[in-house]
1. Do you know which of the residues in region B:27-50 that are in a strand (DSSP E or B), more than 12 Å from ligand 2 (Cβ to nearest atom) and within 13 Å of chain A (Cβ to nearest Cβ) is surrounded by the most Cβ atoms within 10 Å (Cβ to Cβ)?
2. Take the residues in region B:51-77 that are open to solvent by 30 Å² or more (accessible area, probe 1.4 Å) and outside any loop (DSSP other than H, G, I, E, B); name whichever of them is farthest from the other protein chains (Cβ to nearest Cβ).
3. Can you name every residue in region B:227-254 that is within 15 Å of ligand 1 (Cβ to nearest atom) and touching a helix residue (DSSP H, G or I) at 6+ places or on another chain (Cβ under 8 Å)?
4. Taking region B:113-129 as the search range and keeping residues that are open to solvent by less than 30 Å² (accessible area, probe 1.4 Å) and not in a helix (DSSP H, G or I), which one is farthest from the other protein chains (Cβ to nearest Cβ)?
5. With A:ALA202, A:ALA187, A:ALA211 as the choices, which residue is surrounded by 13 or more Cβ atoms within 10 Å (Cβ to Cβ) and touching a Ser or Thr at 6+ places or on another chain (Cβ under 7 Å)?
6. So B:SER206 fits all but one of (1) within 16 Å of ligand 2 (Cβ to nearest atom); (2) away from chain A (no Cβ under 14 Å); what number is the exception?
7. Could you name every one of the helices (runs of 4 or more DSSP H) located completely within region A:144-243 that has at least 1 residues being of a type in the set (Asp, Glu)?
8. Of everything in region A:388-408, what is surrounded by 20 or more Cβ atoms within 10 Å (Cβ to Cβ) and aliphatic (A, V, I, L, M)? Give them in sequence order.
Amino acid sequence: MSTATREAAGPGGARRPRIRRASWRGVVTVAGHEFRLRVRTGRWRWLLGAWFAVLLAFTALLRWALAETRPTPVTGPVPGPGAADVPPPAPLGTPMLGGLMLFVLGLALLVVPALTAQSVNGDRERGVLATLQVTLLTPAEIALGKLLAAWLTALVFLATTLPLVVWVMVEGGVGIARVVVTLLVVALLLGVMCAVAQCLSALLARTTTSAVLSYLTVFAATVGTVVVFALALPLTTTTEQVTERVPVWDDPPPGEAPGGPADRHAPPPHPPGQGEPDRWETRTYERSQVRPERVWWLLAPNPFVILADAAPAAEPRFDPRTGERLSNPLDPLGEIATAVRDARASEDPQAVPGIVPSGPEQPEPPRPDPVWPYGLAFDVLLAAGAIALTIRRLRTPVRSLPRGVRIA
Amino acid sequence: MGETAVPAAPEASPAAGEGISAAHVRRTFGNVVAVDDMGLTAPAGQVTALVGPNGSGKTTLLLVLATLLVPDAGEIRVAGHDPVREPREVRSRIGWMPDAFGTYDTLTPREVLQFVAAAYRLPRDRHAARARELLALVHLEDLADRPVHVLSRGQKQRLGLARALVHDPGVLLLDEPAAGLDPRSRIELRGILRDLAADGRALLVSSHVLAELEEIADRAVFVDGGRTVDEHDLTELRPTQRRPWRLRSLDQESLLSRLDGLGVTVTGQPGPAGVDVMLAGDEEAADLVAALVRDGVRVVECAPAAGTLEAAYLEMTEGRR
Ligand SMILES: Nc1ncnc2c1ncn2[C@@H]1O[C@H](COP(=O)(O)OP(=O)(O)O)[C@@H](O)[C@H]1O
Ligand SMILES: [Mg+2]
């Protein structure tokens, strides 16, 4: 814990020492107290039970649906030469992990505001905040302790999903790194949401207002970013003059059957490199194009995007008999990641469809640069700002109170 | 981190001689002037009553003294420190009991007190012992391990007082501590507060019920409309104060005729409880009793009919009218 103390005062508070310190012991005191209060008040057994039941049902249905739609050999493995043609079935773990973690994140983002959005103003309404503020606990200790308790509560929900994650791993196709990273990212994102909801509860006088705003924040981060991205995309359209040099052959090359396609601009029928074109023509046309690389960052803070993109790529599968690379199974995380990475990477003019040189001997292009570091950094900074604001709001003695608020 | 060593043992005497002094305190909320110009002194070893009607700014003044609100203006020292510039110093030396306070309903009184002990950074091995001492002090041992929500209002009030005493503060700010207490608890509270003052602590107790403060206050500060209107030392005031006295004798007729003969005016209607007369202090009362007895009136009772505080308050409001 930081023990930095800033004695300097900002404008307006020139007489007031600013104590920013927080001791680990103070934070733990508040967190333990808050956690005990939470455990005593809620109907946790029911809530956690319902939570687990919903996720269990989801996972079971997902597995059933995936097993139904998985392409499998019609008659099962047949001994003989034909058996080698049937690749081994794709493991179900890859799509299951993606589906489960996205679902858990979505559900948890609905639970967190309910856990945290009344943390500060609810205490003030109940008349217990001021009695905390007159003790030797610092504002930072109160804010961080409360946040820790809220986060721990959210993590208890996350921990309840661990049996399902084990099930997914048993299904195969997911490495331990993928599981650990996704769980860590979800945990971190829940912490961010806790910090933001707690900040709203410190800023707003009414508990209902802060709860509603917390849900709106979740909505903005999840749906709002996608909508804004979609709306911003047409605005990025650029029109450019494209000048191309095109090879022209005046006469059909010898040996071609006459009466072939009359298009003079048709590519040469012989393989490239054979037969020089007669001349080159310059053609200019306008091409309009959306430029997602200018607005990809709108998607970056989206928690689902961060989760999907931060997950390590599924490992390539090879046919054990032929050594040939097999197509990866359906992977929701990988698909989201590819979509946002492509959006970010599309500025390369080579990537414009039709000009990309392609061929079987082309090496697989490297995975484009990731998006998640930006999104996660943004979200973590947001949380840090939220915590700082909460601490500010908990500082006493106070000069100005929001209208209609009594400190005690 | 710099932990302030807080004297935790009840026998450790708090810093004596450092009570509260405040002058020209002002605090507004938008265009509402809650405290206009208040000043008071609450010396150590005494109970100072902060008396005033509802809405006169008592709670706001206590919030300023308790390091929760910044005053717009004013000179304040609480336990030798400035609550605005040195809130931590002040906090380690004051106990504050708000008028309307919430409790953690699902915790037990013991858990509440142990948490507060941790919040005041008492040494960890002292938490349990301190909670036990305080539960004994406010007579909540029987309920120590029941959830707080089963406590009555008066019992919660006592828990609130115990919470304010956890770190053995030298200055106590109590906002309407007797509100909701039954007569028995009120008498007990009186005993506790007198003991705390006898230890050398400064107590500032607000109330709008004068009878509540009558027996415990050494001093009284009257406030109205956000201003201090009067400040009295009650021990000095008592013997010379002009207030109604009640006389009762075996024969009311002879008492009334004798009073008439002595030229003493009777206030109000004489009733079975006795006859009220206005007297200027203890001397006059003693003289009157002597005269009545000498003239053969069989006096059975002669006592102040109104408390010192009430009389002072009435006099003050009369003077302002
Ligand atoms: N936070 C606040 N915002 C606006 N007005 C307030 C606030 N706190 C107190 N007041 C007003 O200040 C006045 C004094 O209130 P208070 O100090 O609670 O009086 P008392 O405790 O003597 O009854 C009242 O008129 C009250 O409405
Ligand atoms: Mg009040």
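1. Taking the candidates together, the pick is B:ARG27.
2. To start, the set of residues in region B:51-77 that are open to solvent by 30 Å² or more (accessible area, probe 1.4 Å) comprises B:53-55, B:72-75, B:77.
Okay, now just the ones that are also outside any loop (DSSP other than H, G, I, E, B), so B:73-75, B:77.
Details: B:ALA73: 12, B:GLY74: 12, B:GLU75: 13, B:ARG77: 15 Å.
That would be B:ARG77.
3. B:VAL229
4. Start the filter on region B:113-129 by keeping residues that are open to solvent by less than 30 Å² (accessible area, probe 1.4 Å), which leaves B:113, B:115-122, B:127, B:129.
Subset that is not in a helix (DSSP H, G or I): B:120-122.
Values: B:TYR120: 5, B:ARG121: 5, B:LEU122: 10 Å.
Here the residue is B:LEU122.
5. Numbers: A:ALA187 fails: touching a Ser or Thr at 6+ places or on another chain (Cβ under 7 Å); A:ALA211 fails: touching a Ser or Thr at 6+ places or on another chain (Cβ under 7 Å).
Every option except A:ALA202 fails the conditions.
6. Failing condition for B:SER206: (2).
7. A:162-171
8. Within region A:388-408, A:ILE391, A:LEU394, A:ALA408 meet the criteria.
The values are calculated or read from the model by the stated rules, or taken from the named source; none is laboratory data. Keep in mind the model is a prediction, meaning the values are calculated, not measured. When we count neighbours, we look across all protein chains shown, and the Cβ atoms used for this are built from the backbone with ideal geometry, even at glycine. For accessibility, only protein heavy atoms count, side chains too; no ligands or nucleic acids. Shrake-Rupley method; radii C 1.70, N 1.55, O 1.52, S 1.80 Å.
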